[in-house]
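Data first, discussion second: the structure below is written as structure tokens.
The values are calculated or read from the model by the stated rules, or taken from the named source; none is laboratory data. Predicted model only: the values in this text are computed from it and were never measured. Backbone-built Cβ (ideal geometry, glycine too); neighbour counts: all protein chains shown.
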Amino acid sequence: MTAPRPQVDGATPSRWEQVMLEFFVRRSAVGVGACALAMGTQAEAQTSAPAAPVVAKDDAQMLIETQQRRIDTLEERLRILEARLAIPAASPTPVRTPDQQVAETKGQVKPPPILLTVQRTTDSEAAPPPAKRNGEQAAVVFVNGLPRFNSVDGHWWFRPRGRLFLDASTTAGAFPGRNITGTALGSARLGMEGAVGNLSWALEGEFSENQVVWKSAFVNIRHKLFGVEADAAIGNRFNDRTMDGSVGLGTTPFTDFNTVAATIIPRRGFWGVGVQERLYAKNWHASVQVTGEDPNNIGDGDDGLTVVSRAHWAPTLSKGLTLHLGGWGFHERLGDETGSLVRSSAIAGGFNTLVRARPGPVTGVTSDTGYGAELALIAGKFWTQNEWGRRVLHRPGGDYTHDAFALSAGWFVFGSTPPYDARRGTWARARIDHPVTAGGWGALALRARYQEADYRGLPLGGLGRSTTLGGTWYINKITRVLLDATDWHIANPGDAPGSVDSGQTLNLGLQVQF
């Protein structure tokens with residue numbers, strides 16, 4: 001049999017040629033072994049029977065040398081083949097925790113798809129991501145601390161989700177009746193989410209403020225509109241209104257919403273059952289939502305009708321410097337539902353309900369309109385967020401108005417950078433370089449805020465203002481500890497005694513959002 005044809009230099013060997021090379025090497029080795037055995041047998045025969053005919057010694061030696069040269073040639077070709085393929089030796093991969101994987105992949109090679117799933121940083125009020133037909137294989141992976149179940153083709157997935165907020169608060173230096181201390185279960189939420197292709201859904205209930213209510217309960221369909229990515233949500237979905245009020249409390253920088261998000265709001269609140277369309281691009285978005293009432297109303301009259309819209313643009317001014325410009329508005333036609341038309345403002349945290357700016361009684365209102373503006377800047381580890389809003393209450397005897405604004409700023413000392421989401425114009429979850437649960441120090445952020453709620457355009461309306469200094473320690477991507485120290489002042493003409501008061505409140509919060 002002739003030797004295999006030499007490989008042309010520079011050509012990539014096929015799998016068939018690799019197999020044939022290995023076959024010829026082994027066949028030649030067998031041939032050499034057979035020749036050696038024949039020679040040994042022949043020599044032994046010559047010793048025991050000198051008269052028997054033998055094979056010429058020169059012919060046998062020539063055969064051995066020929067086979068040896070062929071073996072040398074094949075081994076050289078095999079060496080060249082292995083060098084071209086550059087097949088690395090297999091080595092065991094150490095098992096690492098998800099937190100270690102996130103920390104180790106920062107700034108390195110792009111992680112595999114399953115790790116990108118672990119790094120999902122959306123807030124609890126955002127729509128679940130779509131499924132992927134060519135995504136992960138059928139498996140159970142952990143996302144934000146809970147298992148996510150994926151189908152073989154990636155077309156289906158499902159996972160539970162929830163959050164747990166624990167609060168402690170103390171107030172001093174105020175009118176004696178307002179100096180209270182205590183703890184609270186700020187929020188205990190449990191639900192589930194999933195996706196079938198581009199259709200995703202979320203269902204979630206919450207125990208908060210001593211009652212159980214439905215929160216996220218919607219179906220979301222991702223599609224294209226005018227060539228732009230879009231979401232169409234049907235059901236009860238969180239409003240897109242103000243920068244602070246478009247995400248859940250587990251994502252906002254402070255332990256509570258600022259005064260703009262909390263007070264310049266429709267009577268029906270942060271939620272409403274209806275439809276919403278959002279358009280997204282790399283650094284801008286626009287949305288419109290049409291809803292009825294919150295799903296927890298008692299259903300004994302006509303719903304109101306509310307239209308909410310918001311848009312933002314986030315141009316990149318230079319490397320590491322992003323500007324945020326946003327605006328929003330809503331109009332609400334009031335229905336037959338009863339309840340407070342204007343919310344009081346918790347200017348020193350949500351626990352102490354005695355430290356609030358109060359609006360006073362308002363009657364005869366048939367509809368209301370709200371609008372506001374947003375200005376933010378993200379520069380490296382520094383950020384600033386500033387919002388203003390006004391609400392107009394329409395009534396036959398003349399309109400009433402009330403206003404609010406909030407100025408805030410923060411700086412990440414170590415471990416992370418401001419988690420700004422340029423696609424949605426909101427905050428997201430922070431990515432932690434070295435989580436505590438992976439042996440690191442986590443991340444530390446310092447922050448400050450000045451805010452004001454002004455109800456003096458309403459009958460017996462009050463005024464509240466506060467200055468807050470605080471810090472956040474991020475243990476990992478799902479757990480953070482917040483400490484806020486607030487100096488506040490309120491003036492409520494309707495309150496007696498203590499209509500004018502001031503004091504200091506310290507709020508501590510532990511938030512786990514999974």
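For every residue, the table says whether it meets (1) modelled with pLDDT of 95 or more; (2) assigned to a strand (DSSP E or B).
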| position | (1), (2) |
| --- | --- |
| A195 | no, yes |
| G205 | no, yes |
| I221 | yes, yes |
| A233 | yes, yes |
| F238 | no, no |
| G245 | no, no |
| V260 | yes, no |
Any hit, the range 371-392, residues being crowded, with 17+ Cβ neighbours inside 10 Å, closer than 30 Å to R178 by Cβ and of a type in the set (D, E): yes
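This table checks each residue for (1) surrounded by 23 or more Cβ atoms within 10 Å (Cβ to Cβ); (2) under 23 Å from V512 (Cβ atoms).
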position: R431; (1), (2): no, yes
position: P435; (1), (2): yes, yes
position: A438; (1), (2): no, yes
position: W441; (1), (2): no, yes
position: A453; (1), (2): yes, no
position: L463; (1), (2): no, no
position: T467; (1), (2): no, no
position: W488; (1), (2): yes, no
Residues of the range 407-444 classified as under 18 Å from D240 (Cβ atoms), over 12 Å from the mean Cα position of the chain (by Cα) and not in a loop (DSSP other than H, G, I, E, B), total: 0
Residue within the range 143-156 that is of a type in the set (A, V, I, L, M), buried (at least 17 other Cβ atoms within 10 Å of the Cβ) and at pLDDT below 90 present: yes
Test: residue in the range 311-320 that is on the phi > 0 side of the Ramachandran plot and either in the same structural domain as G349 (by TED's automatic domain parsing) or surrounded by 17 or more Cβ atoms within 10 Å (Cβ to Cβ) (or both): yes
Y420 being touching a Lys or Arg at 6+ places or on another chain (Cβ under 7 Å) and modelled with pLDDT of 95 or more: no
In the range 267-289, the residues that are under 12 Å from F330 (Cβ atoms) and modelled with pLDDT of 95 or more: S287, V288, Q289
Qualifying residues in the range 368-406 (those that are in a strand (DSSP E or B) and of a type in the set (D, E)) - the one nearest to R310 (Cα to Cα): E374
Residue in the range 218-228 that is buried (at least 23 other Cβ atoms within 10 Å of the Cβ), touching a residue at least 24 places away in the same chain (Cβ under 8 Å) and closer than 30 Å to D484 by Cβ present: no
